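Colleague: Next up is a structure, given as structure tokens.
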Amino acid sequence: MSDHPMRGKAAISGLGETKYYKRAMAPDGEFKMCLESILLACEDAGIDPRDIDGFCSYSNERSSPDRIAAALDIKEMRLSNMFWGGGGGGGSGALANAVSAIISGQCEVVVVYRALAQGQFGRFGQGAVVNEINNDGKWTAPFGLMSPAQSFAMRVRRFMHENGVQQEALRAISMASYHHAQQNPRAVMHGRELTEEIYDQSRWIVEPFHLFDCCMENDGAAAIIVTSVERARDLKPTPAVVLAAAQGSTARNQAPAHNADIYATSNFQHVGKRLYEIAGVTPNDIDVSQVYENFTGGVMMSIVEHGLCSADEVNDIFTLENFKSTGKLPINTSGGNLAECYMHGLELIIEAARQIRGQSPNQVSDAEVALVASGPMVTPVSSCILGVDR
Amino acid sequence: MTTGELSQWHASDPDNYLPPGLAAPRPWQDGLDTPYWEAIERNSLVVQYCDSCDAHQWGPEWICHRCHKFDLEYVEVEPKGRIYSWERIWHPVHPALQASCPYMVVLVELPGADNVRMVGNLLGDPLRPITIGEEVEAVFEHHKDVDPPYTLVQWKRVGD
């Protein structure tokens with residue numbers, strides 16, 4: 001295969017995270033945490049924050065580049081970019097946009113960032129209290145279907161029906177995140193072990209999702225510094241090379257009133273295929289995966305649609321042992337959205353970079369290629385593959 | 001909340017599956033879906049239909065996604081369907097639903113209309129086991145005490 005113009009040209013050179021908090025527990029405001037995470041990422045990379053020249057984010061990030069640039073005395077802003085739509089599905093898409101800006105010569109130092117304090121602003125898990133509705137929510141909200149969990153449970157139930165998936169498969173995903181969080185002092189659920197019994201006895205949120213199938217709501221901020229690979233080699237940390245980052249959707253995935261042509265999908269059927277083509281690797285080359293858990297059912301479909309296992313293997317392969325950092329299919333080695341922090345999936349890209357650096361709290365031995373699948377079941381979705389510098 | 005309290009709700013207001021206080025659906029300001037809301041108020045189920053493609057379309061849009069013809073007509077379809085997917089909701093995310101969990105939301109496909117799908121509630125005991133593929137028929141739930149009034153299309157098992 002010929003070399004793809006995106007493959008291996010840019011790298012993640014700096015990682016920054018605030019302390020992660022349960023919702024409403026952060027002592028600092030969202031914007032202050034945003035600045036803190038960016039400064040930490042710059043310190044990690046060993047670059048002057050004033051040298052940042054591009055800003056990329058997603059999901060209607062509230063901390064705007066104009067305010068950040070003024071606060072940090074950015075010398076020359078060259079890019080202010082927002083990934084449109086898809087909520088947490090935009091995480092790897094924001095990285096893709098940053099990489100594109102580097103490759104095209106628009107920027108030299110791009111920060112990809114997300115600050116999210118659900119305790120200070122709206123909660124994603126609550127329905128809107130309004131008297132009337134005249135957008136597409138009218139096809140679902142009057143029937144009491146209004147939260148993300150409720151929107152996605154319908155797709156997941158259909159996938160489980162079509163492929164004979166048992167509840168234990170979802171349980172294994174949840175237990176993997178909690179298992180890894182116990183080795184990660186940054187994780188909000190550090191010290192909170194999850195057993196099969198606790199999972200089975202936990203309350204339903206919406207079938208097939210128990211409480212532990214659903215992401216947390218948190219406060220915090222995260223940032224990554226993206227540069228050319230050449231620049232990254234001159235910096236302090238081990239570069240996490242971006243082999244590929246892809247975004248998009250299958251046809252009519254968000255057709256109104258749940259009328260997607262292909263319904264039981266994470267929406268990675270096209271993006272996943274294109275991702276591997278850009279990276280020049282196959283699913284067999286993936287050493288470790290960070291797979292966005294808005295809900296465990298989305299993880300299930302994302303794993304299948306990134307070719308890591310087939311749909312009819314889910315019941316057999318989805319076990320805690322296989323998902324551990326020492327297992328055959330290691331996933332979510334920091335604890336992810338379920339047990340580390342719901343930083344809208346940016347913490348998953350950071351964990352993938354840590355695996356490439358060899359610095360994960362649950363390090364996969366000889367990890368050279370790491371996959372990140374950002375938020376599933378939305379439009380658009382995105383995913384990326386990081387690798388060691390060769 | 002317990003199931004017993006839900007039963008009490010159903011016993012007290014058998015006309016409406018869920019309690020008052022949820023958002024009332026209104027047509028788009030550009031009138032795209034007005035024919036649908038007017039039809040279901042008359043107990044007639046309609047969806048969009050493209051005569052060029054001889055195919056139904058739902059949810060409503062100004063254009064046929066197959067051939068890009070504008071301004072599709074609305075045609076009456078048989079108010080029967082089958083369960084395509086379902087969910088039993090236990091955790092309320094809206095104040096109006098605090099006392100009405102669990103409740104059932106179903107995705108129904110309409111074999112008589114190219115299998116377009118509609119979201120609705122499945123009437124009856126929410127704890128009754130459900131099977132994908134079960135046949136259901138439409139029930140027109142009129143909310144007349146709201147100004148202006150509106151109608152929801154709900155579903156019940158055939159034979160219930």
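Just so you know, all these numbers are worked out from the coordinates, no wet-lab data involved. If you're wondering where the values come from, they're calculated on a predicted model, not measured in any experiment. Note that each Cβ is placed from the backbone with ideal geometry, even for glycine, and that neighbours are counted across all protein chains shown.
Colleague: Would you confirm, using the coordinates I've provided, whether A:R158 is in contact with a Leu (Cβ under 8 Å, 6 or more places away or on another chain) and either in contact (Cβ under 8 Å) with a residue 40 or more places away in the chain or within 7 Å of chain B (Cβ to nearest Cβ) (or both)?
Modeller: Criteria met by A:R158.
Colleague: Which residues, taken from the stretch A:138-162, are within 25 Å of the chain's Cα centre (by Cα), part of a helix (DSSP H, G or I) and not β-branched (V, I, T)?
Modeller: Hits for the stretch A:138-162 are A:P148, A:A149, A:Q150, A:S151, A:F152, A:A153, A:M154, A:R155, A:R157, A:R158, A:F159, A:M160.
Colleague: Looking at the stretch A:194-232, which of the residues that are touching a Pro at 6+ places or on another chain (Cβ under 8 Å) and more than 12 Å from chain B (Cβ to nearest Cβ) is farthest from A:A10 (Cα to Cα)?
Modeller: A:A232
Colleague: Now, a different point. Could you grab me the full set of residues in the stretch A:273-311 that are crowded, with 24+ Cβ neighbours inside 10 Å and either over 17 Å from the mean Cα position of the chain (by Cα) or more than 17 Å from A:Q167 (Cα to Cα) (or both)?
Modeller: A:L275, A:A279, A:V288, A:S289, A:Q290, A:V291, A:Y292, A:H306
Colleague: Out of the residues in the stretch A:130-155 that are charged (D, E, K, R) and without any contact (Cβ under 8 Å) to a residue 12 or more places away in the chain, which is surrounded by the fewest Cβ atoms within 10 Å (Cβ to Cβ)?
Modeller: Top of the filtered list is A:E132.
Colleague: When both residues are 6+ apart or on different chains and their Cβ atoms are under 9 Å apart, which pairs have a first residue that lies in the stretch A:354-382 and is closer than 18 Å to A:Y292 by Cα, and a second that is surrounded by fewer than 18 Cβ atoms within 10 Å (Cβ to Cβ) and among the aromatic types (F, W, Y)?
Modeller: Going by the 9 Å Cβ cut-off, the qualifying pairs are A:P380/A:W84.
Colleague: May I pose another question? Does A:S104 count as away from chain B (no Cβ under 14 Å), at negative phi and without any contact (Cβ under 8 Å) to a residue 12 or more places away in the chain?
Modeller: So A:S104 fits the description; yes.
Colleague: In the stretch B:40-65, which residues are more than 27 Å from A:G127 (Cβ to Cβ), not in a loop (DSSP other than H, G, I, E, B) and not hydroxyl-bearing (S, T, Y)?
Modeller: Hits for the stretch B:40-65 are B:V46, B:Q48, B:C50, B:A55, B:H56, B:Q57, B:I63.
Colleague: Please list, ordered by residue number, the strands (runs of 3 or more DSSP E) wholly in the stretch B:93-150 having 1 or more residues that are of a type in the set (G, A, S) and within 9 Å of chain A (Cβ to nearest Cβ).
Modeller: Once the strands (runs of 3 or more DSSP E) in the stretch B:93-150 are filtered for at least 1 residues that are of a type in the set (G, A, S) and within 9 Å of chain A (Cβ to nearest Cβ), what remains is B:116-121.
Colleague: Further, regarding this structure: In the stretch A:117-145, which residues are of a type in the set (A, V, I, L, M), farther than 30 Å from A:K19 by Cβ and more than 7 Å from chain B (Cβ to nearest Cβ)?
Modeller: Scanning the stretch A:117-145 gives a single hit, A:A128.
Colleague: Take the stretch A:1-50 and flag every residue that is among the small types (G, A, S) and touching a Gly at 6+ places or on another chain (Cβ under 6 Å).
Modeller: Within the stretch A:1-50, the subset among the small types (G, A, S) is A:2, A:8, A:10-11, A:13-14, A:16, A:24, A:26, A:29, A:37, A:41, A:45-46.
Result: A:A24, A:S37, A:A41, A:A45.
Colleague: Hey, another quick one. For the stretch A:168-279, list the strands (runs of 3 or more DSSP E) that sit wholly inside it and hold at least 1 residues that are of a type in the set (G, A, S) and at negative phi; which are they?
Modeller: Details: elements: A:204-206, A:218-228, A:240-248.
Qualifying strands (runs of 3 or more DSSP E): A:218-228, A:240-248.
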